[in-house]
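Since the structure comes first, as structure tokens, the remarks are kept for the end.
The values are calculated or read from the model by the stated rules, or taken from the named source; none is laboratory data. Quick caveat: nothing in here was measured; it's all calculated off a predicted structure. Here the Cβ positions follow ideal geometry from the backbone for every residue, glycine too, while neighbour counts run over all protein chains shown.
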Amino acid sequence: MFISPLTSRSTIITNSVLAQKGIYGIPAGQHSINEIGAFATINYSNLIAKNVTYKGRLDLFSNYASNPQNVDLFMTNLFSFKINRYFSATYSLDMIYDDNIRLFGPNHTSPGLQTKSLIGIGFLKPLNVKKR
């Protein structure tokens, strides 16, 4: 766990078309914004079963200048599975909530939870180790 009562967070948009729209909490026409606030992060790792591991991270940020009671959240979750000697799999779920990002609702002016989910399958090539 890490807690910082005073930190800075910057959001940068390099695409001019997106910058003109005034999204991602950045005023229309600007390419960046800097916020001062409090930050906390928690990392967690656990061996769930012999072949299943979990890693998670939760980041929280509170902007002192604008609605400090509205805490921004970023959470990532990763499950890793070793299926057998040749195959592995992963499942990842990321969640972001920032009340300044207003892309949702009927008029696209409401905040909402953003999610990203990925599934991966991997092929493991066994090492050819010669025994002596």
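So K82 clears everything in (1) within 28 Å of M1 (Cβ to Cβ); (2) over 21 Å from the mean Cα position of the chain (by Cα); (3) surrounded by 13 or more Cβ atoms within 10 Å (Cβ to Cβ); (4) not hydroxyl-bearing (S, T, Y) except one condition, right? Which one?
(1)
When residues of the stretch 29-56 are filtered for being part of a strand (DSSP E or B), more than 17 Å from N100 (Cβ to Cβ), free of Cβ contacts under 8 Å to residues at least 40 places away in the same chain and of a type in the set (S, T, N, Q), how many remain?
Filtering the stretch 29-56 down to residues part of a strand (DSSP E or B) leaves 32-49, 52-56.
Those left that are additionally more than 17 Å from N100 (Cβ to Cβ): 40-49, 52-56.
Within this subset, residues satisfying the condition of being free of Cβ contacts under 8 Å to residues at least 40 places away in the same chain are 40, 44-49, 52-56.
Still in the running and of a type in the set (S, T, N, Q): 45-46, 53.
Of the residues in that region, 3 qualify.
Considering each residue of the stretch 42-69, count those that are in contact with a Leu (Cβ under 7 Å, 6 or more places away or on another chain) and among the polar types (S, T, N, Q), and give that number.
Looking only at that region, the number is 1.
Looking at (1) in contact with an Asp or Glu (Cβ under 9 Å, 6 or more places away or on another chain); (2) closer than 30 Å to L124 by Cα; (3) of a type in the set (S, T, Y), which one does S10 not meet, given that it meets all the others?
Failed condition: (2).
Taking only pairs six or more apart or across chains, which ones have beta-carbon atoms under 6 Å, a first residue in the stretch 75-103 that is within 12 Å of K55 (Cα to Cα) and among the small types (G, A, S), and a second residue that is in a strand (DSSP E or B) and modelled with pLDDT of 95 or more?
S80/T53; S80/T90; S92/L78; S92/L118
Inside the stretch 61-107, can you point out the residues that are assigned to a strand (DSSP E or B) and within 13 Å of G37 (Cα to Cα)? If you could, list the steps in order and put the result at the bottom.
Within the stretch 61-107, the subset assigned to a strand (DSSP E or B) is 61-63, 72-82, 87-97, 102-104.
If the condition is that a residue be assigned to a strand (DSSP E or B) and within 13 Å of G37 (Cα to Cα), then F61, S62, N63, D72 are the ones that fit.
Could you tell me which numbered condition I26 fails, if it satisfies all but one of (1) part of a strand (DSSP E or B); (2) touching a residue at least 12 places away in the same chain (Cβ under 8 Å)?
Of the numbered conditions (1) part of a strand (DSSP E or B); (2) touching a residue at least 12 places away in the same chain (Cβ under 8 Å), the odd one out for I26 is (1).
Spot the failing condition for I101; the list is (1) surrounded by 14 or more Cβ atoms within 10 Å (Cβ to Cβ); (2) out of contact with any Phe, Trp or Tyr (no Cβ under 7 Å at 6 or more places or on another chain), and only one is missed.
(2)
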